[in-house]
Amino acid sequence: MMWHSFAADSSFSDDLLHLDEAAAAQLKAASCPHCGGRLDRADYPRKPRGGGIAAVLEECVRRISLCCGRPGCRRRLTPPSVRFLGRRVYLGVTLLVACLRALTQPAPTETPTDSGVPTRTVSRWLDWWQTTFAGSAFFAASAGRFVPPLEVAQLPASLVARFTPTEPGARLAAVLAFLAPLTTTSARARFLRSG
Ligand SMILES: [Zn+2]
């Protein structure tokens with residue numbers, strides 16, 4: 001995979017937006033988990049950075065969100081996302097690819113480009129993958145899916161290598177969809193149950 005020269009294009013950006021829209025639609029079709037009220041769209045703006053890896057994604061920076069329409073409840077429910085990793089400064093794909101670059105050598109035919117992510121940030125993220133993520137309940141619950149077990153010291157490269165799409169964007173989208181339950185606390189239980 002050519003991670004060192006990877007840059008998201010508009011078709012990749014559209015694919016991720018469609019995945020987020022589909023997750024939101026699935027959640028909106030159900031009712032408010034607190035009171036049974038109707039859920040309305042209540043998106044909010046975000047200003048995440050894509051860096052050199054995903055500058056094109058900065059053009060569409062609304063975090064899809066839902067809000068209960070019943071007066072007195074009005075609770076917010078934030079669907080899982082393949083674009084935003086919580087409140088972090090960088091987009092999910094940017095952090096993922098920056099970490100993959102740190103763990104792999106460029107392909108012989110590849111001209112590396114600047115990821116736009118500071119080395120210190122990448123180090124912090126590799127540490128997150130190899131300690132927080134590797135020690136999470138989410139990882140424990142999904143570990144059985146990977147045989148042989150994932151090599152923790154090579155996360156996230158060891159995880160990405162287990163996904164089958166051969167086109168880099170399609171493979172990243174599949175990995176981000178797998179990780180999406182981690183991007184919400186308000187709707188996580190429901191999404192983990194439905195797989
Ligand atoms: Zn409600």
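Okay, here's what the table says:
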read-out: Any pair with Cβ under 6 angstrom, 6 or more apart, that starts in the range 145-173 at a residue that is in a helix (DSSP H, G or I) and ends at one that is among the charged types (D, E, K, R); value: SER158/GLU151; ALA173/ASP15
read-out: Single residue of the range 58-83 satisfying the filter (surrounded by 23 or more Cβ atoms within 10 Å (Cβ to Cβ) and away from the ligand (no atom under 16 Å from the Cβ)) that is farthest from HIS18 (Cα to Cα); value: PRO80
read-out: Matching residues, the range 9-20, being under 23 Å from THR113 (Cβ atoms) and surrounded by 14 or more Cβ atoms within 10 Å (Cβ to Cβ); value: PHE12, SER13, ASP15, LEU16
read-out: Test: residue in the range 13-21 that is outside any helix (DSSP H, G or I) and more than 16 Å from the ligand (Cβ to nearest atom); value: no
read-out: Pair list, Cβ under 9 Å, 6 or more apart: the range 29-51 residue touching a residue at least 12 places away in the same chain (Cβ under 8 Å) and acidic (Asp, Glu), other residue near the ligand (Cβ under 8 Å from one of its atoms) and part of a strand (DSSP E or B); value: ASP40/CYS68
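Residues are listed down the side, and each one gets a yes or a no for (1) in a loop (DSSP other than H, G, I, E, B); (2) modelled with pLDDT of 95 or more; (3) over 23 Å from PHE178 (Cα atoms):
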residue: GLY51; (1), (2), (3): yes, no, no
residue: CYS67; (1), (2), (3): no, yes, yes
residue: VAL82; (1), (2), (3): yes, no, no
residue: THR132; (1), (2), (3): no, no, no
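For every residue, the table says whether it meets (1) buried (at least 16 other Cβ atoms within 10 Å of the Cβ); (2) touching a Leu at 6+ places or on another chain (Cβ under 6 Å).
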residue	(1), (2)
ALA22	no, no
GLY37	yes, no
GLY51	yes, no
ALA54	yes, yes
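The values are calculated or read from the model by the stated rules, or taken from the named source; none is laboratory data. Owing to the predicted nature of the structure, the values given are computational and were not obtained by experimental measurement. Using ideal geometry, Cβ is built from the backbone for each residue, glycine included, and neighbour counts are taken over all protein chains shown.
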